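Laboratory data are not the source of any read-out in this text; all were calculated from the coordinates shown. Just so we're clear, the structure is a prediction, and the values are computed from it rather than from any experiment. Don't worry about glycine lacking a Cβ; one is built from the backbone with ideal geometry, like all the others, and counts go over all protein chains shown.
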Amino acid sequence: MVASDAKMAAQEWSVWYGATQALRAITLDILPREILGIIGPANSGKTSFLRSLNRMGELNPRFRCAGRIWLDGKDLYQGLDSQQVRCRVGIVFALPLPLPLSIRENVVYGPRVRGIRDRRRLDQLLEQSLRAASLWDEVKDRLDLPAMRLSGGQQQRLCIARTLAMEPEVILFDEPCSGLDPISTAKVEETMVQLKSRYTMVLVTNNTKQAARVSDRVAFFLMGELIELDRTGVMFTTPRDSRTNDYLTGRFG
Amino acid sequence: MRWRQAREWVIEQLIRASGISSIVMVVLIFAFLLKEGLAVFQTVPLGDFLAGQRWYPISEPPRFGILPLLCGSALVTGGAALLSVPLSIASALCISEIAKGWAKEALKTGIELFAAIPSVVLGFIGVTVLAPLIRQAFHLPTGLTALTGSITLAFMAMPTIVSITEDALSAVPRGYREAAVALGATRWQMMTRVLLPAAASGIVAAVMLGVGRVIGETMAVMMLTGNAAVIPHSLLQPVRTLTATIAAEMGETVRGSDHYSALFAIGIVLFAISFSINLVADLFLHRTRAR
């Protein structure tokens with residue numbers, strides 16, 4: 001089932017918070033340079049799965065897990081160190097939350113904690129990441145302003161730029177547009193599609209239309225289980241499972 | 001209906017009166033201080049009072065120079081701040097970020113209980129335990145030094161600084177911590193580069209309030225610092241603070257004499273210092289809220 005050319009793969013992956021099981025033996029693979037959409041109703045385990053992929057889940061002291069997750073064939077939870085994992089697998093959160101620093105400092109925060117001190121290298125990363133997040137033209141004249149002054153959509157693209165500056169291999173998006181207006185949403189989606197040529201991405205979203213617009217393949221989660229995984233066109237036209245069909249047609253969720 | 005309105009009116013006026021009375025009290029206290037204290041400046045000019053190097057209130061003629069006392073207060077307070085600020089911030093970080101479950105609760109309650117120890121008890125422990133230790137450690141003629149006072153006062157400032165700093169740290173959104181960790185920061189990098197700067201204004205306010213408590217402290221410093229009114233040159237000398245001077249000498253002065261009003265003038269100076277410290281703390285606290 002796990003393809004050998006997968007960028008990341010989960011094998012029988014289960015997660016508990018205390019006594020509550022959040023994920024039940026998920027097995028799926030994430031292909032290089034694809035956008036994998038994950039959809040499903042609230043409490044279906046989408047976010048738990050996403051946070052497992054860069055070891056953010058374990059920040060919760062009640063987190064327990066079983067099974068394995070691979071990154072380039074290496075065991076994420078045994079072969080790699082958590083800081084290293086988080087540098088290679090970046091995440092963009094639901095709420096745009098810039099650190100209380102300037103725009104510039106927000107973007108170069110990741111490279112800095114990794115130990116990059118060279119001013120020119122940092123400036124180069126700054127421009128390159130802001131350009132990639134389609135924010136450069138809007139902020140290039142006010143890089144030293146507090147990031148809090150930006151609008152919601154700009155803040156979210158700043159958070160994307162901040163993740164890109166770490167030069168990750170995989171980017172996780174946790175409902176990146178849930179707090180944004182339609183125009184900002186369109187801009188963030190556009191950015192994601194542009195990034196596809198260089199990064200592997202996983203997008204968790206409550207918005208099935210967004211998954212249809214952006215992703216190459218879609219996984220449907222329900223009550224902690226993976227119900228169906230298929231190419232986006234197939235999933236949205238001829239879902240195999242009746243529960244997927246019910247969710248997509250709006251019968252629940 | 002009429003009766004209910006009348007009752008409302010009475011209650012409202014009562015609340016207003018209690019609010020105003022607290023302001024009136026402060027103003028009256030300040031006015032009283034000024035009235036009793038300003039008289040001294042008829043015999044001693046303000047410059048000589050603040051910068052005079054000799055405090056000989058009962059010599060003939062008397063000398064009322066409070067510079068040694070200002071230095072004593074500054075030295076003891078500075079020493080206490082130097083000791084308590086790093087320690088308190090570290091304990092606050094430990095309580096809010098590292099300790100979990102019952103350990104966290106126990107630490108929090110413990111630190112708050114610390115605030116409940118009367119200062120005279122701490123002074124007592126200082127005299128019997130700390131002073132002999134310091135005398136032996138540094139081979140001094142007496143263990144009653146500025147350092148002894150600083151160490152004891154550091155413990156008195158800690159509960160204030162720890163609990164306000166801890167509040168400031170808890171008020172930092174969880175998202176900041178997650179964002180920093182997601183960007184590859186270690187826990188230590190997250191604390192020093194994100195958490196502490198984000199809570200900075202609250203921490204400054206905490207330090208100011210702690211220092212305010214130390215400056216105003218009287219009993220323990222009187223017991224521990226040796227009370228020699230000379231300009232100190234090191235932490236290992238006896239010093240006398242502004243507060244200890246008032247407490248020690250007030251009982252022996254003649255009401256209305258120059259000495260009496262000089263002590264009140266010291267009170268004015270103390271008031272001014274505490275007021276400015278509280279003001280700075282307040283400004284920082286408001287800056288936090290405004291953000």
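Have a look at B:Met191, B:Met208, B:Met222 and tell me which one the Gaussian network model of chain B (Cα, springs below 10 Å) gives the largest fluctuation.
Highest fluctuation among the options: B:Met191.
Could you work out how far apart the two model spin labels at A:Ser151 and A:Thr20 are, taking each label as a point 7 Å from the Cα in the direction of the beta carbon, and quote it in nm?
3.6
How many lysine pairs are close in the protein assembly as shown, with Cα atoms under 27 Å apart and the two 8 or more places apart or on different chains?
Going through the protein assembly as shown pair by pair, I get 16.
What does the average come to when, for each residue of peptide B:167-180, you count the partner chain Cβ atoms lying within 10 Å of its Cβ?
3
If I take R0 = 35 Å and measure r between the Cβ atoms of A:Tyr77 and B:Leu283 in this structure, what FRET efficiency does the formula 1/(1 + (r/R0)^6) give, to the nearest 0.05?
Values: r = 48 Å, r/R0 = 1.37.
Plugging the Cβ-Cβ distance into 1/(1 + (r/R0)^6) gives 0.15.
If I model segment B:174-291 as equal point scatterers sitting on the Cα atoms and use the Debye formula, what is log10 I(q)/I(0) at q = 0.15, 0.21 Å⁻¹?
-0.81, -1.12
Between B:Gln5 and B:Thr128, take the C-beta separation as r, use R0 = 45 Å, and let me know the FRET efficiency to the nearest 0.05.
0.10
Express in whole angstrom the spacing between the alpha-carbon centres of segment A:226-246 and segment B:89-164.
Cα centroid of segment A:226-246 versus Cα centroid of segment B:89-164: 65 Å apart.
Rounded if a/c is under 1.5, else prolate if a/b is larger than b/c, else oblate: which is segment B:30-82, with a ≥ b ≥ c the root eigenvalues of its Cα gyration tensor?
oblate
Name the residues whose placed amide hydrogens come within less than 5 Å of the amide hydrogen of B:Trp55, ignoring near sequence neighbours (fewer than 5 apart) on the same chain.
B:Gly65
Choose one answer from A:Met192, A:Met148, A:Met201: the residue with the largest mean-square fluctuation in a GNM of chain A with alpha-carbon springs under 10 Å.
Comparing A:Met192, A:Met148, A:Met201 in the GNM, the peak value goes to A:Met148.
When every alpha-carbon pair in segment B:2-42 is counted, what percent end up more than 12 Å apart?
68
For segment A:52-93, list residues with backbone N below 14 Å from a point placed 7 Å from the Cα of B:Thr186 toward its Cβ?
It comes to A:81-84, nothing else.
Output ³J(HN,Hα) for segment B:180-192: one whole-Hz value per residue in order, computed from phi by the Karplus curve 6.51 cos²θ - 1.76 cosθ + 1.60 with θ = phi - 60°, and x for Gly and Pro.
Listing the rounded values in order: 5, 5, 5, 8, x, 6, 7, 4, 5, 5, 4, 5, 6 Hz.
In whole angstrom, note down how far apart the Cα centers of segment B:18-65 and segment A:3-40 are.
The distance from the Cα centre of segment B:18-65 to that of segment A:3-40 comes to 75 Å.
Over chain A, what is the mean sequence separation of C-alpha contacts under 8 Å (at least six apart), divided by residue count, expressed as relative contact order in percent? Intermediate values should be presented prior to the final figure.
Working: 481 pairs, mean separation 69.4, N = 253.
Rounded, it is 27 percent for chain A.
Identify, among B:Phe30, B:Leu14, B:Phe41, the residue whose Cα sits farthest towards the positive end of the charge dipole of segment B:2-42, taking +1 on the Cβ of Lys and Arg and -1 on the Cβ of Asp and Glu, with the dipole about the Cα centre.
B:Leu14
Nearest 20 debye, what's the magnitude of the dipole of the protein assembly as shown about its Cα centre given +1 on Lys and Arg Cβ and -1 on Asp and Glu Cβ?
620
Please check: in the Gaussian network model of chain A (C-alpha springs, under 10 Å), which one of A:Leu195, A:Leu222, A:Leu99 has the largest mean-square fluctuation.
For chain A, modelled as a Gaussian network with Cα springs under 10 Å, the answer is A:Leu99.
Mind running the shape call on chain A? Use the C-alpha gyration tensor, a ≥ b ≥ c as the square roots of the eigenvalues: rounded below 1.5 for a/c, prolate if a/b tops b/c, oblate otherwise.
The shape class here is prolate.
Could you list, bin by bin from short to long, the percent of Cα-Cα pairs of segment B:51-206 in 5 Å steps?
That works out to 2, 8, 13, 14, 15, 13, 11, 9, 6, 4, 3, 1, 1, 0, 0, in percent per bin.
Report, by chain and number, residues whose modeled amide H sits under 5 Å from the one on B:Ala228, excluding near sequence neighbours (fewer than 5 apart, same chain).
B:Val239, B:Arg240
So who's got an amide H within less than 5 Å of the one on A:Ile38, skipping anything under 5 residues away but keeping other chains? H placed 1.01 Å off N, in plane.
A:Leu203, A:Val204, A:Thr205, A:Ala219
How big is the dipole moment of segment B:47-290 about its Cα centre under a simple scheme where the beta carbon of each Lys and Arg is +1, that of each Asp and Glu is -1, and everything else is neutral? Debye, nearest 20, please.
That gives a dipole near 620 debye.
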